[in-house]
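Below is one structure, written out as C-alpha cells; comments come after it.
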Amino acid sequence: MAPVPTSPSSSSTVSPRLLHSNSSEWNAVVQRNIKTSLLLLLVLSTIFVFSVLYSSRRLGSTAAEEVLTQSPLVWDLDVSSRLVPGEEEQIDELIVPAESKVAPEQSSPSDISLPSANLSSAPTAPTPSTSAEGTGDQSVVGVQVEERCDMSAGKWVREPKGPVYTNLTCPTLPDFKNCQKYGKDPGHLFWRWQTDGCDLPRFSPERFLDVVRGKRLAFIGDSLARNQMESLLCLLSQAETPTDVYRDAFDKFRTWHFAAHNFTLMAMWTEFYAHGVPVLDAEGKPTASFDIHLDRLNTNWTSRLPGLDYAVISGGNWFFRVNYLWEGGRRVGCVNCREANLTDFGIVHAVRRVARAALEAIARCRDCKGSLVTFLRTYTPDHFEHGSWFSGGYCNRTQPLEEGEISLESIGWELRRAQSEEVARVRETTGSRRFGVLDVTKAMMLRADGHPGKHYDKRWVRNASDCLHWCLPGPVDMWNDVLLQRLAQISPPPPPLVR
C-alpha cells in the first residue's frame with residue numbers, strides 16, 4: 001500500500017500532474033452529486049407544495065359544502081327590539097266583482113289525509129332529522145335557499161322615479177285594483193322599501209324573466225296571493241306581454257304564459273290549505289263560517305304541485321271569521337266562536353296548523369320535482385280605521401305610518417312568527433333546504449296608505465271600503481322585489497351571449 005504523503009517534499013508522493021488529475025475528477029463527481037441532489041430536492045419540494053395546495057383546496061371545499069348544507073335560513077325571530085308590528089286586524093267579507101265571485105273549496109274524494117294532532121297540546125319544537133322524506137326526484141339534493149340579507153328590516157323612503165309601471169302601461173291590470181282610475185291620491189306611488197344593511201334593487205322585468213326562463217311558478221293562497229300575481233303580471237308585462245292561457249269556471253285557477261322566455265305563471269286558490277266546507281244555516285244556505293278539517297288538505301291545489309319549479313304560499317285572513325276545527329271526522333274546537341261547549345284555540349294556532357300541514361305535504365310530494373323551491377309569504381294586515389268593510393271603516397292615509405304608530409301587541413306579528421317558525425321546522429324535520437320565507441309583514445304594517453279604500457268601480461260593490469287588498473301599482477310590488485332577489489340567489493341568470 002502506498003504511504004500517505006506527509007509533506008509536499010516527500011519522495012513517495014504522486015506526481016503533481018497525477019494529483020491534479022484526481023482532484024479534477026473528484027470535483028466533477030462532487031458537482032454532479034450536488035446538482036443531482038438539488039434537482040431531487042426541487043422535485044420533492046414541488047410535490048410537497050402541490051400536495052399542500054390540493055389538501056387545502058379539498059378542505060376548503062368540504063368546509064364550504066358544510067356551511068351551505070348546515071347554515072340555517074331563518075334567523076332568530078325574536079327581533080322585537082328592532083321590528084315593530086302593526087295594529088290588530090279584523091277581517092270581514094272579501095270584496096270581489098260579482099262576475100268573478102269565488103266559490104268555496106269543494107270536497108274531493110282524494111283529499112290528502114294528514115296525521116292527527118292533539119289540538120289541546122302546545123306546538124312541538126322542531127325535531128332535527130338526518131334524512132329527508134320522499135320528495136320526488138331524490139337525485140337532486142335541492143337548492144340552498146339561504147337568506148343572505150334580512151329584507152324584513154328597513155323603512156319606506158321617498159322614490160321620485162315612481163313605480164316600474166303605471167295603471168296605463170299594464171295591460172293586465174284588474175279594474176278593481178286600478179286606484180288611480182277612480183281618483184286615489186297618487187302619493188302612495190312614490191315610496192320604496194329600503195332595507196337595513198343591504199340593498200334591495202329596483203325591480204327589473206328583464207332580469208326576472210331571465211332568472212325564471214323555462215320555469216313554472218305558482219302563487220297559492222287567497223285573494224292576496226292573487227294580488228301578488230297581478231302585481232307580477234304588471235311588472236313583467238313591461239318586458240313581455242303574457243298570454244292568458246287558462247281560467248277555471250270560478251276564476252280560482254289562472255295560468256299565464258310568457259312565450260319568449262317559456263315562463264308559466266299560475267294562481268291557485270285556497271282559503272285555508274286544509275279542506276274547508278261552509279257551515280249551513282237553518283235553511284241550508286252557506287254562512288260566512290267554515291268547518292276546517294285540519295287533518296285533510298284539498299287536492300284542488302295539491303294535485304297541481306307536480307311540474308312546478310317555484311311555489312309561493314300565503315294566507316291567514318280567512319281565519320278571522322267564526323270557524324270550526326275538525327279532526328278525525330269530529331268537531332274538536334273553534335276559532336272566534338266563543339261558544340261555551342267548544343274550546344277556542346285561537347287564530348294563531350289554527351294558522352300554524354294549516355301552514356305546517358301545507359309545508360309537510362309539499363315536502364312529501366313524491367310526484368313533485370326534487371328541485372321544487374317553496375316560499376311562504378308572511379301575513380299582511382288590513383288598515384281599517386273606525387269600522388270595517390260595510391260599517392264605515394276607511395283607510396285615508398296619504399303616506400306610510402311611522403314606526404311609533406304601530407303596536408308590538410298585534411296578532412299579525414304573532415301570525416308572522418308562527419309562519420316563519422313552521423318554515424324553520426319543515427327544514428329541520430325533513431333535512432331539506434328548499435323552503436324559504438318572504439318576510440314582508442313589517443313593511444306592509446307601515447303602508448296604511450296603499451289600499452283601494454273607496455277608490456274602485458262602484459258597479460261591483462256599493463258603500464264598502466277595501467282596506468285589505470292593495471292598489472296596483474302600490475306597496476304590494478315590493479313583495480315581488482323580494483321574490484326576485486330570492487330567486488336570483490338560487491339561480492342567477494346566464495351570462496349574455498357574446499355576438
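Restricting Leu232, Leu173, Leu168, Leu217 to those that are at negative phi, aliphatic (A, V, I, L, M), in contact with a helix residue (DSSP H, G or I) (Cβ under 9 Å, 6 or more places away or on another chain) and part of a helix (DSSP H, G or I) reduces the list to Leu232. Here is the figure for segment 167-187: residues that are loosely packed, with under 14 Cβ neighbours inside 10 Å and modelled with pLDDT under 90 total 1. Yes or no: segment 386-405 includes at least one residue that is in a helix (DSSP H, G or I), modelled with pLDDT under 95 and either farther than 21 Å from Cys149 by Cβ or of a type in the set (Ser, Thr, Tyr) (or both). Scanning segment 386-405 turns up at least one residue that is in a helix (DSSP H, G or I), modelled with pLDDT under 95 and either farther than 21 Å from Cys149 by Cβ or of a type in the set (Ser, Thr, Tyr) (or both).
Within this structure, Arg366 passes the test of being out of contact with any Lys or Arg (no Cβ under 7 Å at 6 or more places or on another chain), basic (Lys, Arg) and closer than 30 Å to Thr299 by Cα.
Please indicate, with yes or no, whether at least one residue in segment 381-392 is without any contact (Cβ under 8 Å) to a residue 60 or more places away in the chain and either in contact with a helix residue (DSSP H, G or I) (Cβ under 7 Å, 6 or more places away or on another chain) or under 21 Å from Ile313 (Cβ atoms) (or both). No: segment 381-392 contains no residue that is without any contact (Cβ under 8 Å) to a residue 60 or more places away in the chain and either in contact with a helix residue (DSSP H, G or I) (Cβ under 7 Å, 6 or more places away or on another chain) or under 21 Å from Ile313 (Cβ atoms) (or both). Screening segment 146-166 for residues that are modelled with pLDDT of 85 or more and loosely packed, with under 13 Cβ neighbours inside 10 Å and picking the one that is nearest to Trp193 (Cα to Cα) gives Val157. Would you confirm, using the coordinates I've provided, whether Phe219 is in contact with a Leu (Cβ under 6 Å, 6 or more places away or on another chain) and crowded, with 20+ Cβ neighbours inside 10 Å? Spelling it out, it is not the case that Phe219 is in contact with a Leu (Cβ under 6 Å, 6 or more places away or on another chain) and crowded, with 20+ Cβ neighbours inside 10 Å. Candidates are the residues of segment 303-361 that are touching a strand residue (DSSP E or B) at 6+ places or on another chain (Cβ under 8 Å) and acidic (Asp, Glu); the one that is surrounded by the most Cβ atoms within 10 Å (Cβ to Cβ) is Asp309. Per the conditions (1) surrounded by fewer than 17 Cβ atoms within 10 Å (Cβ to Cβ); (2) under 27 Å from the mean Cα position of the chain (by Cα); (3) among the acidic types (Asp, Glu), the sole criterion not satisfied by Asp295 is (1).
The values are calculated or read from the model by the stated rules, or taken from the named source; none is laboratory data. Just so it is clear, the model here is predicted, and its values are computed rather than measured. Cβ: placed from backbone, ideal geometry, glycine included. Neighbour counts: every protein chain shown.
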